[in-house]
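The values are calculated or read from the model by the stated rules, or taken from the named source; none is laboratory data. Computed from a predicted model, the values in this text were never measured in an experiment. Backbone-built Cβ (ideal geometry, glycine too); neighbour counts: all protein chains shown. These area figures cover heavy atoms from the full protein model, side chains too; ligands, DNA and RNA do not enter into them. Shrake-Rupley method; radii C 1.70, N 1.55, O 1.52, S 1.80 Å.
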Amino acid sequence: MKVKILLALMLGFAFSVNGQDTKISFEASEDAPKISKHIYGHFAEHLGRSIYDGFYVGDTSSIPNKDGVRIDIIEALKEIKIPNLRWPGGCFADTYQWKDGIGPQVDRPTMVNAWWGGITEDNSFGTHNFLNLCEELGAEPFISGNVGSGTVEDFTDWLQYTNHAEGSPMAKLRKENGREEPWNVKYWGIGNEMWGCGGNMTAEYYANIYKQYSTFMTSWENENDLYRIAAGASGDDYHWTEVLMRDVPKSLIEAVGLHHYAVIDWENKGSATGYDEEIYFRSMEEALKMEKFVEKHSEVMDKYDPDNTIDLVVDEWGGWYDVEEGTNPGFLYQQNTMRDAMIAGATLNIFNNHSERVKMANLAQTVNVLQAVALTDGEKMILTPTYHVFKMYTVHHDAQLLPVNFDSPEYTFEGGSLPAISVSASKNEAGNTNISLVNIDASAEHKVEIDLEGLDVNNIEGEILKSGKIQDHNTFDNPDKINITEFKDFKLRNGKLEVSLPPFSVVVLSSK
């Protein structure tokens, strides 16, 4: 069933003009898709201070850790119920030789991270470290395999190492390295950005390479246990998706990827914190293109897969700005402001509303890189506005979508306009209704009236993420400047919920 975003005027609904409230209604349906928790996935690449000095400090560090991984990071990710974690890249994936990252650490060779800063890594964080971390987090591992500079044999050896119980050379090697039982890794990306850093391939060439790799993948126990994700398109490259859907047999593929970053100008991305409303507006314009990209790629997939057996996985998304002054340009370390909270809230609403086809997504990235949910500085760690949005949205994990009907008021700036409000809603197994609302307008409050008829909603609690300036962010000196607070600016009258949404805010309302 398609999510219906219907024009309000066609339905006789009013919208926020001359003081009128935006009217929102929901369409409960037993056929509505489940919002997969995997939409709320994350991404950890060997990039800058993501792995080393981010996740991993080593087991001899004075920073509290478990097997070398920071305990504060582990606890923070558990709090947002991280469902999956993608690793080791990114561009890094197609240069990574996984066998260099197993066995005694003192015996592991070093490598140069040619993509990100040209630094030398010691391979002290490898397959065991990552998969054990995922077990600790209760998250599914999502491994991006090396296709660009690797071989089918390398790839299938890795699969055998992680998934084969016993009796094979790689299972024997795993046991010699201290892990008796297999991890049974389900999610595998077959290369990354093959149109770019993965090899600058054409779609047609990659489709053939993909089929070769996928053919030799097996879980030995049950082939249906594997979830193979084809490296997908960037933005509006619909031809890439067309070729994969047309040329790859359904028996060899479970999902097609998609990447999109909210970047205004790749040559001049701008400051993460020192921006004005014009830059903010343009950033949101780029972020909201995700709606069109998901819809158009889904249309291509519908053409070849009308029964919806192949998923769309948005395995890289988020805001991307210039690095913080004085940091390594190749480390992609940037601050995280209320702009990023708007990008996160609006994008997650898009994924929720298209959860019939979108089954997984991965924010780029988790720690110290791009739109991170956590930043570290020695023993200190801070949680970003983006982190708090993910925490608020945990109510949607594996809940049934409630399709939404409304027409958004406009956020206007210097002749341009964007939808000011985005909404998604769900109902969980306990029968609780959850509504997430985002107002990206930089200056105007917007009022909405939500029709709750038929949803059996009585007691409602609310949370809000807001701040005084759109450029506000948490710092190591003021880590709680932006945090989730209780929200009470709503009234429930005769089945109608009246809500006032402050400028650039994220609100989640839940029935109890």
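Using every pair of alpha-carbon atoms in region 431-493, split the distances into 5 Å bins beginning at 0 and state the percent of pairs per bin, rounded to integers. The percentages, shortest bin first, are 3, 12, 22, 21, 16, 12, 8, 5, 1, 0.
Computed with every protein chain present, the accessible area of Asp67 is close to 120 Å² [probe 1.4 Å].
Each label point was placed 7 Å from the Cα along the Cα-to-Cβ direction; for Lys296 and Lys172 their separation is 5.3 nm. Direction-averaged projected area, Cα convex hull, region 130-175: 3.7 nm², rounded to one decimal. The listed residues Val323, Val369 rank as Val323, Val369 when sorted by accessible area, largest first, using a 1.4 Å probe. Label-to-label distance, Ser149 versus Ser417, with points set 7 angstrom from Cα along the beta-carbon direction: 5.1 nm.
May I ask what percent, to the nearest 5, of DSSP beta bridges between residues of the chain are antiparallel? Intermediate results must be reported in sequence, preceding the final value.
Numbers: 51 of 89 bridges.
Bridges in the chain are about 55 percent antiparallel.
Shown here is the pair-distance distribution of the chain: with all Cα-Cα distances grouped in 10 Å bins from zero up to the longest one, the shares run 4, 19, 30, 26, 15, 5, 1, 0 percent.
Taking every DSSP helix (H) stretch of at least 4 residues in the chain, weighting each as -39,500 (n - 2.57) and dividing the sum by the residue count yields a mean residue ellipticity at 222 nm of -7000 deg cm²/dmol.
Taking every pair of Cα atoms in region 36-176, average 1/r, invert it to obtain the Kirkwood radius, and report Rg/Rh to two decimals. Numbers along the way, then the final one.
Details: Rg = 14.9 Å, Rh = 15.8 Å.
We get a ratio of 0.95 for region 36-176.
Want the number for Glu30 to Asn459: 0.36 nm per residue separation, take away the alpha-carbon distance, what's left? Result for the pair: 152.1 nm of gain on full extension.
Sequence-distant contacts, meaning Cα pairs under 8 Å at least 6 residues apart, place the relative contact order of region 247-322 at 61 percent. In this rough spin-label picture, where each label sits 7 Å from Cα along the Cβ direction, the Asp451-Ala165 distance is 5.5 nm.
Summary value for the chain: 19 percent relative contact order, contacts being C-alpha pairs under 8 angstrom separated by 6+ residues.
At full extension, Lys81 and Ala430 could sit 123.8 nm farther apart than now, given 0.36 nm per residue minus the alpha carbon distance. The distance linking region 367-438 with region 310-346 is 15 Å (Cα centroid to Cα centroid, whole angstrom).
Once you keep just the Cα pairs under 8 angstrom separated by 6 or more residues, what percentage relative contact order results for region 190-308?
Details: 116 pairs, mean separation 29.8, N = 119.
Here the relative contact order equals 25 percent.
Any number yet on Rg/Rh for region 359-512, C-alpha, Kirkwood? Don't jump to the answer; show the numbers that get you there.
Numbers: Rg = 16.7 Å, Rh = 16.9 Å.
Rg/Rh: 0.99.
On average, how much area does the Cα convex hull of region 369-411 cover when viewed from any direction, in nm²? For region 369-411, the mean projected area of the Cα convex hull comes to 5.5 nm².
Counting each pair of different Cα atoms once, what's the Kirkwood radius of region 201-312 in Å, rounded to one decimal?
Values: mean 1/r = 0.0630 Å⁻¹.
The Cα-based Kirkwood calculation yields 15.9 Å.
For region 112-215, the fraction of alpha-carbon pairs lying more than 24 Å apart is 33 percent, rounded to a whole number. Cα axis of helix 127-137 to longest principal axis of the chain: angle in degrees, 0 to 90, nearest 10? So the inclination is approximately 30 degrees. Per-residue SASA remark: Thr433, around 10 Å² accessible (1.4 Å probe; ligands, DNA and RNA not included). Normalised radius of gyration (Cα atoms, divided by 2.2 N^0.38 Å) for region 156-200: 1.46.
Shown is the FRET efficiency for Asn478 and Asn328, computed with R0 = 30 Å from the Cβ-Cβ distance and rounded to the nearest 0.05: 0.75.
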